[in-house]
Amino acid sequence: MLPSMPPRPRVHQLSVPNLSEIDFGKLRAGRLARLQTMLKRHDFPVALLYSTANIRYATGVDVMAVWTAGTFARYCLVPAEGAPILFEYKGSIHVSQKVVRDVRPAYTWQYGGAAARDKAREWARSIRSALRELGLERECLAVDKVDAAGFLALQEEGIAITDVGAATVDAREVKTPEEVALFAINGGIGDAMLAAFEAAIRPGIREYELWAVLSDALLRRHGEGLFTRLVASGTNTNPWLTEAHDKVVMPGDLVGVDTDANGYEGYVIDVSRTFLCGDTPSPEQKEAYRVAYDCVMGMFDLVRPGMTFQEFADKAPRLPAAYAAQRYPTMVHQAGLEDEGPGIPYPDDDRGPRRIMPERELKENMVLCLECYAGKPGAPFGVKLEDQVLVTADGARLICTYPFEAKLLD
């Protein structure tokens, strides 16, 4: 007897918190407090942040995230004690001033050509001046990322730097109560996205049209955008990670989707489902679906605070040998304002460079994405499934609750 699917609310019955119930002042203060606690724990007196997600976590402000992510157009200094200084893209200073007290114009040099080095040196001098204001001029500066011109300019200015990653990862892995409430809101948005996507599946529709349906459902609910185009049908589902093309969905095709979205207030909605275009799956399609489903459900049942990543990896379900070669790169990753880490790799994965098992443990109020891909090499289809969960004292709690495809499980 096959195990029955766990009960999940119908989409229209889901309760979504009222946006007015989110205390955004408390959200910003709580995140900054966690970050500064971890800066102190790792002995980082001050951090220079360029990552858009790190800036948002520290200050509460996001400006043109997709564009600024690749242009080094804005950054902030975060001391381990005291208020951050946000250096903002000039045209957007008025946006950030609504939230942050100390906002200054940012230096940029990326498109400066031969003049870029001089502008970067000017920027480095401004960083030293700001550090002097904070009484931290002689301290090591913890940095998340900087381009070659910026790195060389800091060296020339005599500013010692180190990697801030240990502090930012530790700060962001456990969510504050306000972040948990935002994930609940985004779980409802994710369910609505998947409902609209499934309803649009029909013979003749193209993959990019389905991707547009997904995006439309997100944006109409105050989400911010999709960061991949992971919609695939038929033979494009094997191997996984082929993004949306102009392929026409045909009767009998499996149609896979990974939401990969930044939802309301930027928090990630990351759920995968595979649907059938039609009513009668083949035995082989059902087999692959059952393999992926059992893997995700087995991981769901394992989640407990205090379990180490190694213990989880050792106890998690193993894919049948026929499916092992095309396993997904990881079993579990974390999520917040972006896909966060570290994740949990397969302990016996020897594909490519050796993956290191992090010496970490599951903690209450982490957000995890449990995922599995089941596709035999050379098969004309594969199945991708993924659930996003909150770690609670009692185990995993679903963030998105959209049902699995019952006709592939009966």
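In table form, for the structure just shown:
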item	result
Trypsin sites (Lys or Arg not before Pro) within the range 259-341, DSSP loop, no more than 15 other Cβ atoms inside 10 Å	Arg318
Volume per residue that the Cα convex hull of the range 38-146 spans, once the total is divided by residue count, Å³	97 Å³
Protection-proxy order for peptides 81-88, 341-348, each taking the mean of Cβ atoms within 10 Å per residue, highest first	81-88, 341-348
Phi-based couplings in Hz for the range 204-214 (Karplus 6.51, -1.76, 1.60; Gly and Pro marked x)	x, 6, 9, 4, 5, 5, 5, 4, 5, 4, 4
Neighbourhood charge, 13 Å Cβ-Cβ cut-off, centred on Pro358 and excluding it, Lys, Arg +1 and Asp, Glu -1	-3
Per residue, in Å², the accessible surface of the range 290-336 once ligands and nucleic acids are set aside, probe 1.4 Å	37 Å²
The chain: most fluctuating residue of Ala153, Ala232, Ala53 per GNM, C-alpha cutoff 10 Å	Ala153
Convex hull volume of the range 189-311 per residue (C-alpha atoms, cubic angstrom)	126 Å³
Integer Hz, Karplus 6.51/-1.76/1.60 couplings in order for the range 390-403, x for Gly and Pro	9, 7, 10, 4, 9, x, 7, 10, 5, 8, 9, 10, 4, x
Protein accessible area in the chain, 1.4 Å probe - carbon and sulfur %	52 percent
Whole-Å distance, taken between Cα centres, linking the range 204-231 and the range 330-367	27 Å
Shape category assigned to the range 160-215 from the gyration tensor of Cα positions, a/c cut at 1.5	oblate
Total charge dipole magnitude, the chain, about the Cα centre, Cβ charges on Lys, Arg, Asp, Glu only, Debye to nearest 20	620 debye
Over the chain: helical MRE at 222 nm, DSSP H runs n ≥ 4 each giving -39500 (n - 2.57), nearest 500	-10500 deg cm²/dmol
Sequence-distant residues sharing a close amide H with Met307 (under 5 Å, placed H)	Leu362
Volume per residue of the C-alpha convex hull in the range 16-98, rounded to whole Å³	114 Å³
Max mean-square fluctuation residue, GNM over the chain, Cα-Cα springs under 10 Å, options Gly378, Gly263, Gly190	Gly378
Efficiency of FRET between Arg206 and Glu137 - r from beta-carbon atoms, R0 45 angstrom, step 0.05	0.20
Distant-in-sequence amide H partners of Thr162 (H built 1.01 Å from N, under 5 Å)	Leu141, Ala142, Val143
Kirkwood Rh in Å, taken over the chain so that all alpha-carbon pairs contribute	22.8 Å
Alpha carbon centroid spacing (whole Å) that separates the range 266-301 from the range 123-188	39 Å
Residue-count net charge about Ala261 - beta-carbon cut-off 9 Å; Lys, Arg +1, Asp, Glu -1	-3
Across the chain: Cys residues that no other cysteine approaches within a C-beta distance under 4.7 Å	Cys76, Cys140, Cys277, Cys369, Cys400
Listed peptides 353-362, 210-219, 122-131, 91-100 by packing density, highest first (mean Cβ within 10 Å)	210-219, 122-131, 91-100, 353-362
Most mobile listed residue (Ala149, Ala261, Ala80) in the chain, GNM with C-alpha springs under 10 Å	Ala149
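The values are calculated or read from the model by the stated rules, or taken from the named source; none is laboratory data. Computed from a predicted structure; not experimentally measured. No Cβ is skipped: glycine too gets one built from the backbone with ideal geometry, and neighbour counts run over all protein chains shown. All accessible areas refer to the heavy atoms of the entire protein, side chains included, with ligands and DNA or RNA removed. Shrake-Rupley method; radii C 1.70, N 1.55, O 1.52, S 1.80 Å.
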